[in-house]
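Below is one structure, written out as structure tokens; the observations come after it.
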Amino acid sequence: MDSHCHLQDRYRPEEDELASVLSEAAAAGVGGVVCVGTDAPTSRQAVELVRTVRTEISAGGGGGPGGALPGDFGMWATMGLHPHEASSGVEELELALEAALATDPELVVAVGECGFDYHYEHSPRAQQRDAFAAQVALARRHDLTLVVHSRQAWDDTLDVLRAEGPPPRTVLHCFTGGPQEARRCLDMGAFLSFSGIVTFKGAQDVRDAAVLCPLDRLMVETDAPFLAPVPHRGKQNRPAWVVAVGEALAEVKGVSPASLAETSTAATRTAFALT
């Protein structure tokens, strides 16, 4: 299961129709995807895409985004404000989230992605902190999972989570830390989601963190269209390639790919309280 990808128009290459992207993933053995919002517009579109695909799957019709998908293919949405967008404030996102929960509560499973990004710092750090704290509170208020983006900001990320109280279900997406950061997150009760970075030659710290992570709290993602795994590195990433990430993690963990697929899918279902 691809626990984190971006399939909205802003992120999906123009030549890739949603139907073909999802059908390709299903054919590769992917059983479901979580489409992640990064601001109010992409969060609303994530919900719209999930609604459309689910309707098509239920109808069993061809031609729509879900028409060629198996009946048990799962798709869910998150709604969040990425730290790059933190300076715009969370008010519009909060209104969008409350509207979606009022009409489609079963489609929205998490608040996020949200957190800190000190690599680019597109928003001032103080505003990143305020936006993150507000979204932690939103997740707790609505009993939703929290999806956390943390890049070069482990201390501040964990400080805010401790201060606000981490939601019972918290996911550190695209985990880029080493064993020390992994232990700190796991001790807080978080799930760790690993991306194609685990396949990169220079990412031994991330692989060491995966070794440390219990299988029942280890998830797999693409972060598509970003971070395509080896052997696809440099290309636009796609949910079908989560299989390559899973295979790399299986090797790191010393288990079979089939076993890793089973445990990571179960962890994803638990992390997002999926039904």
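The values are calculated or read from the model by the stated rules, or taken from the named source; none is laboratory data. These numbers come from a predicted model, not from an experiment. Cβ atoms come from the backbone with ideal geometry, glycine included; neighbour counts cover every protein chain shown.
Just a few scattered comments:
- Verdict on G71 being surrounded by fewer than 24 Cβ atoms within 10 Å (Cβ to Cβ) and without any contact (Cβ under 8 Å) to a residue 60 or more places away in the chain: yes
- Test set (1) within 18 Å of the chain's Cα centre (by Cα); (2) in a helix (DSSP H, G or I) - R12 fails condition number: (2)
- Evaluation of P41 against (1) under 25 Å from S150 (Cα atoms); (2) touching a residue at least 40 places away in the same chain (Cβ under 8 Å); (3) surrounded by fewer than 17 Cβ atoms within 10 Å (Cβ to Cβ); (4) not charged (D, E, K, R) (one fails), failing number: (2)
- Taken over the range 119-144, the criterion of being surrounded by fewer than 20 Cβ atoms within 10 Å (Cβ to Cβ) and within 21 Å of E221 (Cβ to Cβ) is satisfied by H119, Y120.
- Among residues of the range 141-170 being among the basic types (K, R) and more than 18 Å from the chain's Cα centre (by Cα), the one that is nearest to C35 (Cα to Cα) is R141.
Let's see how each residue does on (1) surrounded by fewer than 17 Cβ atoms within 10 Å (Cβ to Cβ); (2) touching a Pro at 6+ places or on another chain (Cβ under 8 Å):
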| position | (1), (2) |
| --- | --- |
| S193 | no, no |
| R207 | no, no |
| R217 | no, no |
| P231 | yes, no |
| Q236 | yes, yes |
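- So T222, is it in contact (Cβ under 8 Å) with a residue 60 or more places away in the chain, in contact with a strand residue (DSSP E or B) (Cβ under 6 Å, 6 or more places away or on another chain) and polar (S, T, N, Q): yes
- Any hit, the range 197-211, residues being part of a loop (DSSP other than H, G, I, E, B) and in contact with a strand residue (DSSP E or B) (Cβ under 6 Å, 6 or more places away or on another chain): no
- Screening the range 7-38 for residues that are crowded, with 24+ Cβ neighbours inside 10 Å and of a type outside the set (A, V, I, L, M, F, W, C) and picking the one that is nearest to S259 (Cα to Cα) gives G37.
- Members of the range 65-78 that are hydrophobic (A, V, I, L, M, F, W, C) and outside any loop (DSSP other than H, G, I, E, B): M75, W76, A77
- Residues that are among the small types (G, A, S) and under 16 Å from the mean Cα position of the chain (by Cα) were ranked within the range 238-261; the one that is surrounded by the most Cβ atoms within 10 Å (Cβ to Cβ) is G246.
- Any chance L93 is within 19 Å of R169 (Cα to Cα) and at pLDDT 95 or above: no
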